[in-house]
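Structure first, commentary second.
The values are calculated or read from the model by the stated rules, or taken from the named source; none is laboratory data. Computed from a predicted model, the values in this text were never measured in an experiment. Neighbour counts run over all protein chains shown; Cβ positions are idealised from the backbone, glycine included.
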């Protein structure tokens, strides 16, 4: 016989009022802005709301994790094309990539990883 479990305690973040925090990317001398949403200590999976400011590109790099970008506003500019609001773009782990915002507008998005995040730039500037 199965017993009923207790209801889970929800974790809720109002991303419209939450404080933006710095997300440093030392290899390219950039500081991005993000709102942390989920950081799962057991799996390393994370979800953040992030913004690429107009004209910013995260140059050629790799990740040891797969990650997805769900575009909320603006346009995500990648090495394979551009994607507007409502687009979900999955970047498989290990391959090289670049992505950022277009020159004319910021790009705000949800950034989701499948395991611990790390980044390795192919041509660091610092």
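I need the full set of residues from the range 35-64 which are assigned to a strand (DSSP E or B) and more than 16 Å from residue 99 (Cα to Cα), in order please. Before you say what the answer is, go through the steps one by one.
As a first pass, look at the range 35-64 and keep what is assigned to a strand (DSSP E or B): 35-39, 46-52, 57-62.
Correct list: 35, 36, 37, 38, 39, 46, 47, 48.
When you go through 11, 48, 25 one by one, which is the residue that is surrounded by 13 or more Cβ atoms within 10 Å (Cβ to Cβ) and more than 25 Å from residue 123 (Cα to Cα)?
Residue meeting the stated conditions: 48.
Evaluate the following for residue 85: is it over 17 Å from residue 61 (Cβ atoms), assigned to a loop (DSSP other than H, G, I, E, B), touching a residue at least 12 places away in the same chain (Cβ under 8 Å) and under 15 Å from the mean Cα position of the chain (by Cα)?
Values: over 17 Å from residue 61 (Cβ atoms): yes; assigned to a loop (DSSP other than H, G, I, E, B): yes; touching a residue at least 12 places away in the same chain (Cβ under 8 Å): yes; under 15 Å from the mean Cα position of the chain (by Cα): yes.
Considered against the rule, which asks whether it is over 17 Å from residue 61 (Cβ atoms), assigned to a loop (DSSP other than H, G, I, E, B), touching a residue at least 12 places away in the same chain (Cβ under 8 Å) and under 15 Å from the mean Cα position of the chain (by Cα), residue 85 comes out as yes.
Inspect the range 43-51 for any residue being more than 14 Å from the chain's Cα centre (by Cα), within 15 Å of residue 108 (Cβ to Cβ) and in contact (Cβ under 8 Å) with a residue 40 or more places away in the chain and give the result as yes or no.
For the range 43-51, residues more than 14 Å from the chain's Cα centre (by Cα), within 15 Å of residue 108 (Cβ to Cβ) and in contact (Cβ under 8 Å) with a residue 40 or more places away in the chain: absent.
Would you be able to say whether some residue in the range 99-109 is over 20 Å from residue 16 (Cα atoms), without any contact (Cβ under 8 Å) to a residue 12 or more places away in the chain and out of contact with any helix residue (DSSP H, G or I) (no Cβ under 8 Å at 6 or more places or on another chain)?
Of the residues in the range 99-109, the ones over 20 Å from residue 16 (Cα atoms) are 99-104.
Among the residues that remain, those that are also without any contact (Cβ under 8 Å) to a residue 12 or more places away in the chain are: none.
No, the range 99-109 contains no residue that is over 20 Å from residue 16 (Cα atoms), without any contact (Cβ under 8 Å) to a residue 12 or more places away in the chain and out of contact with any helix residue (DSSP H, G or I) (no Cβ under 8 Å at 6 or more places or on another chain).
Within the range 65-81, which residues are more than 22 Å from residue 19 (Cα to Cα) and either surrounded by 15 or more Cβ atoms within 10 Å (Cβ to Cβ) or within 14 Å of the chain's Cα centre (by Cα) (or both)? It would help to see each step written out before you state the result.
First, the residues of the range 65-81 that are more than 22 Å from residue 19 (Cα to Cα): 65-68, 75-81.
Passing the criteria: 65, 66, 67, 68, 75, 76, 77, 78.
Do you know which residues across the range 101-126 are at pLDDT below 95 and either touching a strand residue (DSSP E or B) at 6+ places or on another chain (Cβ under 7 Å) or crowded, with 18+ Cβ neighbours inside 10 Å (or both)?
Correct list: 117, 119, 120, 121, 122, 123.
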